[in-house]
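**Q** Quick one: structure below, then a few questions.
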Amino acid sequence: MDDVRRAGPHTRIIHGGQQTDLETGAVSTPIFQSSTFAFADAEQGAERFGGAPGYKYTRLGNPTVAALERNIALLEHGYGALGAASGMAAINTVYLTFLSQDSHAIVTDCVYGPTRTILETEYARFGVQVTFVDSSHPDNVARAVRPNTKLIFIESPANPTLKLTDIARCADIAHRAGAILAVDNTFASPFLQNPLQLGADVVIHSMTKFINGHTDVVAGIIVARQEDVLERLRSVHVNLGGTMDPHQAWLVLRGLKTLGLRMERAQANARALAYYLQRHAAVKWVNYPGLVDHPQHDLMRRQMRGPGAIVCFGVRGGLEAGRRFINSVELATLAVSLGGIETLIEHPASMTHAGVSAEERRKAGIADDLVRIAVGCEDYDDLEKDLEQAFEKAMAGEEAGV
Ligand code: LCS
């Protein structure tokens with residue numbers, strides 16, 4: 001194929017940035033499990049350290065990791081990408097690249113817990129200033145801009161409130177302020193949303209989630225729209241050391257091949273579950289951007305290709321009934337994380353976002369009764385049956401006053 005960039009979404013996922021191994025004909029990218037790479041002679045070693053192409057040392061670059069980086073860069077329409085040991089390693093490289101003493105960041109208030117708490121606990125020690133805003137109203141972002149604002153970091157859809165942020169508007173605000181816009185695109189995956197095409201400068205993913213999709217790897221990636229931004233990130237990333245291991249990269253490459261298939265199926269399941277929950281007497285409220293009454297349904301249709309596979313809801317009877325409900329599921333697994341082929345269920349206020357204070361959670365809209373369900377690829381009927389029996393148990397406890 002002349003240019004896989006112009007191919008359809010599944011073809012791009014399967015073939016993007018991949019090439020058959022020239023020496024052996026291996027169709028699957030080999031695992032180059034080597035920490036270092038031999039030079040032909042002293043001159044070649046010196047040239048490579050001077051910037052000539054070629055591998056030197058795995059923390060600085062590795063062929064298996066590079067195959068994954070080429071693929072994700074292509075899927076996100078970026079100039080290039082940097083594999084990371086985890087989503088948090090990717091986020092820390094972004095923070096450390098663009099923030100310094102007395103610089104200011106604007107961050108979505110309802111981001112993944114540690115994305116927020118590390119700014120409050122660690123970066124604050126070095127004089128970094130942060131304003132957390134409800135970025136679902138871009139005017140809040142514009143109002144928070146200061147002369148020293150260097151980074152706007154948004155998560156859309158956000159974890160766990162599923163609030164969306166208008167990426168194009170935020171790119172405009174960032175660029176007028178001379179700042180970088182970075183977007184955590186984990187919840188959408190590159191299959192459903194491409195922030196760089198909407199004007200963002202940097203995208204990060206926790207590849208632990210949809211991109212790998214099999215609940216067996218922790219990994220992250222950073223994608224930059226422009227070469228100069230990528231090189232700034234690279235010089236911090238390789239020295240900070242949160243880079244990727246070749247075996248980890250190979251597992252992610254393998255999981256990634258079915259990203260489109262998994263997303264389509266998990267999203268269809270999520271959509272059907274959202275309708276089921278909306279009709280259910282034991283459910284107080286449902287939050288899913290695919291529902292037409294979601295306050296940002298139109299924005300979802302504008303900037304995403306689908307609402308994704310995470311559904312949040314509140315169980316009638318508050319925290320206790322919610323606890324009984326999540327203790328009663330049998331097919332769905334009570335565990336944090338998301339984006340795997342199996343359905344996972346968790347309670348953010350006491351788990352993923354427990355490090356965020358109760359007051360800040362309330363301000364960010366992370367309700368105490370919020371149950372997050374990361375819908376997987378099982379048969380829909382089995383999922384519905386499982387939730388139904390869990391609701392029956394939760395409500396029976398309610399009547400018995402348990
Ligand atoms: N960004 C988002 C949106 C996330 O949800 C997570 C992890 C991260 C970044 C960090 O990625 P990691 O370092 O774990 O690869 N979110 C989790 C969650 O909701 N449950 O468990 C982890």
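The values are calculated or read from the model by the stated rules, or taken from the named source; none is laboratory data. Remember, predicted model here, so these are calculated numbers, not experimental data. Heads up, the Cβs are rebuilt from the backbone with ideal geometry, glycines too, and the neighbour counts pull from every protein chain shown. We work out accessible area using only protein heavy atoms, side chains counted, and drop any ligands, DNA or RNA first. Shrake-Rupley method; radii C 1.70, N 1.55, O 1.52, S 1.80 Å.
**Q** First compute the accessible area of the chain with a 1.4 Å probe, then give the percent of it belonging to carbon and sulfur atoms.
**A** 52
**Q** Give me the 1.4 Å probe accessible area per residue for the chain, excluding ligands and nucleic acids, in Å².
**A** Averaged over the residues of the chain, the accessible area is 42 Å².
**Q** Sorted by accessible area (1.4 Å probe), largest first, how do 125, 48 line up?
**A** Values: 125 160, 48 45 Å².
Descending accessible area places them as 125, 48.
**Q** Would you mind estimating how fast the range 212-331 diffuses translationally, via Stokes-Einstein at 20 °C and 1.002 mPa s with the Kirkwood radius over Cα pairs, in µm²/s? Display every interim value, and only then the final one.
**A** Details: Rh = 17.9 Å.
Rounded to a whole number, D works out at 120 µm²/s.
**Q** Placing +1 at every Lys and Arg Cβ and -1 at every Asp and Glu Cβ, with all other atoms neutral, what dipole size does the chain have around its Cα centre, in debye to the nearest 20? Working shown, then result.
**A** Details: 38 positive and 46 negative charges, 138 e Å.
Charge dipole of the chain: 660 debye, to the nearest 20.
**Q** Shifting gears a bit: Looking at the chain as a GNM with Cα springs under 10 Å, which of 11, 352, 149 has the largest mean-square fluctuation?
**A** Fluctuation is largest for 11.
**Q** Taking the alpha-carbon centroid of each part, what is the distance from the range 346-402 to the range 56-135 in angstrom?
**A** Result: 29 Å between the Cα centres.
**Q** Indicate, rounded to the nearest 5 percent, the antiparallel portion of the DSSP beta bridges found entirely in the chain.
**A** Values: 23 of 42 bridges.
Antiparallel bridges make up about 55 percent of those DSSP assigns within the chain.
**Q** Which of 38, 103, 91 sits closest to the plus end of the dipole of the range 7-255, meaning its Cα is farthest towards the positive end, when Lys and Arg get +1 and Asp and Glu get -1 on the C-beta?
**A** Ranked along the dipole, the leading option is 103.
**Q** Among DSSP bridges having both ends in the range 128-222, what percentage is antiparallel? Round to the nearest 5. Don't skip to the answer; put the middle values down first.
**A** Details: 3 of 11 bridges.
Taking every DSSP beta bridge within the range 128-222, about 25 percent pair in antiparallel fashion.
**Q** Kindly identify the range 71-117 as rounded, prolate or oblate by the Cα gyration tensor criterion: order the square roots of the eigenvalues as a ≥ b ≥ c, call it rounded if a/c is under 1.5, otherwise compare a/b with b/c, prolate if a/b is larger, else oblate. Kindly include the intermediate steps, with their values, before the conclusion.
**A** Working: a/c = 1.99, a/b = 1.61, b/c = 1.24.
The shape class here is prolate.
**Q** Something else now. Using bins 10 angstrom wide from zero, how does P(r) for the range 259-397 break down, in % of all Cα pairs?
**A** P(r) over the range 259-397, rounded to whole percents: 12, 43, 36, 8, 0.
**Q** Taking all protein chains together and a probe of 1.4 Å, list 201, 139 from the most accessible to the least accessible. Please report the intermediate quantities before stating the final value.
**A** On the way: 201 15, 139 85 Å².
My answer, sorted largest first, is 139, 201.
**Q** From zero outward in steps of 10 Å, how is the percent of C-alpha pairs of the range 107-159 spread across the bins?
**A** 24, 55, 20
**Q** Convex hull over the Cα atoms of the range 258-316, averaged projected area in nm²?
**A** Values: hull surface 16.0 nm².
With the hull built on Cα positions only, its mean projection is 4.0 nm².
**Q** What is the projected area of the convex hull of the Cα atoms of the range 313-356, averaged over all directions, in nm²? Present the calculation step by step, with values, prior to reporting the outcome.
**A** Details: hull surface 13.8 nm².
Convex hull of Cα atoms, orientation-averaged projection: 3.4 nm².
**Q** Over its Cα atoms, what ratio of radius of gyration to 2.2 N^0.38 Å does the range 169-216 give? Present the calculation step by step, with values, prior to reporting the outcome.
**A** Values: Rg = 12.5 Å, N = 48, 2.2 N^0.38 = 9.6 Å.
For the range 169-216, the normalised Cα radius of gyration is 1.30.
**Q** Helix-derived [θ] at 222 nm for the chain: sum -39500 (n - 2.57) over DSSP H runs of at least 4, divide by residue count, nearest 500? All intermediate terms of the calculation are to be shown ahead of the outcome.
**A** Details: 14 runs with 157 residues, N = 402.
Only helices count here, giving -12000 deg cm²/dmol.
**Q** Let me ask something else about it. Accessible area of residue 180, 1.4 Å probe, to the nearest 10 Å²?
**A** 20
**Q** Can you list, largest first and rounded to whole Å, the semi-axes you get for the chain by taking the square root of 5 times each eigenvalue of its Cα gyration tensor?
**A** Working: eigenvalues 272, 132, 69 Å².
Working from the Cα gyration tensor, I get semi-axes of 37, 26, 19 Å.
**Q** Can you pull the accessible area of residue 43 for me, 1.4 Å probe, Å² to the nearest 10?
**A** We get 110 Å² for residue 43.
**Q** Kindly sort 215, 208 by accessible area of their heavy atoms, largest first, with the probe set to 1.4 Å. Let's see the in-between values first.
**A** Working: 215 75, 208 20 Å².
Order by accessible area, largest first: 215, 208.
**Q** Could you tell me the accessible area of residue 232 in Å² (1.4 Å probe, neighbours in place), rounded to the nearest ten?
**A** 120
**Q** Sticking with this one: Output the pairs from 163/209; 163/363; 163/284; 163/385 with a Cα-Cα distance over 25 Å in this structure; if there are none, say none. Numbers along the way, then the final one.
**A** On the way: 163/209 18 Å; 163/363 13 Å; 163/284 18 Å; 163/385 28 Å.
Correct reply: 163/385.
**Q** Let me know the Kirkwood hydrodynamic radius for the range 59-140, please, with Cα pairs as the basis and the value in Å to one decimal. Provide the component values of the computation, followed by the final result.
**A** Values: mean 1/r = 0.0686 Å⁻¹.
The answer is 14.6 Å.
**Q** Step through the residues of the range 182-190 one at a time and calculate ³J(HN,Hα) from phi using the Karplus curve (6.51 cos²θ - 1.76 cosθ + 1.60, θ = phi - 60°), rounding each to whole Hz and writing x for Gly and Pro.
**A** 10, 10, 7, 9, 4, 5, 8, 6, x
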